[in-house]
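We did not get these values from a lab; they are worked out from the coordinates using the rules stated. Keep in mind the model is a prediction, meaning the values are calculated, not measured. FYI the Cβ positions are ideal-geometry reconstructions off the backbone, even for glycines, and counts take in every protein chain you see.
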Amino acid sequence: MRPLVLIPKTPNINFMALHKAGFGFSLLLSVISIVAFLTFGLNYGIDFRGGVLIEARSVSGPADLATLRTKLDGMHLGETSLQGFGTPTDVLIRLARQPGGDAAQEVAVNKVRQELGKLVEFRRVEVVGPKVGEELIQAGVLATVLALLAIAAYVWFRFEWQFGVGAMISTLHDVVTTVGLFAVLQLEFNLTTLAAILTIAGYSINDTVVIYDRVRETMRKYKTMDFAQLINISLNETLSRTILTVSTVALAVLSLLIFGGEVLRGFSIAMLWGIVIGTYSSLFIAAPLLYYIRPKRGSDTKKPVEADADAAGAT
């Protein structure tokens, strides 16, 4: 059985001719992301800032969000939000953390039950304290940093330290720009979003490792070839696999975005962005960085570059 090949003939795209533009674009994205994070911050969900989350279902057909919102506003419980998710009968209610301890949160939940009890069925209630939210933020940052370091160590162990540096920089770029997207658009940032970021890091490094493996093979095959040409050959030879992978994953994530409802919206957006930016960073950051921090070629024997080029064209 023959493997599926998206591009029958190996293309000859000069990726290295575009790598400086790619570096500039990535630098611009990273600066915008950092400035947006420092200026606007993230729109933390209840998982991180604390509060009450209520999942309810209308008992008489599609939920009347306008009526429910009016009743919520009349209870004067501070900042509240109400949105539909999943089926038309499902409703997600968020209440700001009430002044006082757990007893105050319970009082707020009981008020909502009394006011909306005839209209909706309460299916799930979660209360998150501010201390738990702070701990989750710290744990999330720590998990992301450790993941990046573990990725760099893995690539360093499998290849050389130069590959590890390139992998960590490109993966850090993906994480920073994903966080920046949520800061610019003020999308809700919760635990599912954090899970998406860690998943993006894993996806990005998988694509990078495939490209690095081909770069290493090409280095062994053409020991004195111009390094920019060597990187171009490696990227073109793995391009079919890269396009096929990103297309299939994107289709699955698009299904989650369209049919997954509000609960999975942040996760889906983060994943979709991460797939695109992760593929981009593998092609225009991770691989081109090797041109500037070159790993050892394994041989110092001098041969004409033209000989290697002719050999490459013959294969």
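Between the DSSP loop rule and a limit of at most 11 other Cβ atoms within 10 Å, which trypsin sites (Lys or Arg not before Pro) in segment 193-297 are left?
K296
Need one word for segment 51-128: rounded, prolate or oblate. Basis is the Cα gyration tensor (sqrt eigenvalues a ≥ b ≥ c); a/c below 1.5 gives rounded, then a/b vs b/c decides.
It comes out prolate by the Cα gyration axes.
Compute the Cα gyration tensor for segment 166-233, then decide on rounded, prolate or oblate, letting a ≥ b ≥ c be the square roots of its eigenvalues: rounded whenever a/c is under 1.5, prolate when a/b is larger than b/c in the other cases, and oblate in all that remain.
Cα axes put segment 166-233 in the prolate bin.
Along the positive direction of the dipole of the chain (beta-carbon charges: Lys, Arg +1; Asp, Glu -1; about the Cα centre), which of S81, F163, T67 reaches farthest?
About the Cα centre, the residue reaching furthest to the positive side is F163.
Determine the calculated [θ] at 222 nm for the chain from helices alone, applying -39500 (n - 2.57) to every DSSP H run no shorter than 4 residues and normalising by the residue count; nearest 500 deg cm²/dmol.
Only helices count here, giving -21500 deg cm²/dmol.
Rounded to whole Å, give me the distance from the Cα center of segment 169-191 to that of segment 212-280.
18 Å
Rank by packing, highest mean first: peptides 100-106, 10-16, with packing defined as the count of other Cβ atoms within 10 Å averaged across residues.
Order by mean packing, descending: 10-16, 100-106.
Which of the three applies to the chain, rounded, prolate or oblate, going by the alpha-carbon gyration tensor with a ≥ b ≥ c and a/c under 1.5 meaning rounded?
Taking the square roots of the gyration eigenvalues as a ≥ b ≥ c, the chain is prolate.
What is the angle, in °, between the Cα long axis of helix 130-158 and the longest principal axis of the Cα atoms in the chain? Nearest 10 is fine, range 0 to 90.
10 degrees
Enter the angle in degrees (range 0 to 90, nearest 10) between the Cα long axis of helix 305-314 and the first principal axis of the Cα atoms of the chain, meaning the one along which they spread out most.
70 degrees
Lysine pairs in the chain with Cα distance under 27 Å, only those 8 or more apart or on different chains: how many are there?
The result is 15.
If you place +1 on the Cβ of every Lys and Arg and -1 on the Cβ of every Asp and Glu, how big does the dipole about the Cα centre of the chain come out, in debye to the nearest 20?
So the dipole magnitude of the chain works out to roughly 660 debye.
Which value, in debye to the nearest 20, describes the size of the charge dipole of segment 1-129 about its Cα centre when Lys and Arg Cβ atoms bear +1, Asp and Glu Cβ atoms bear -1, and nothing else is charged?
My answer is approximately 520 debye.
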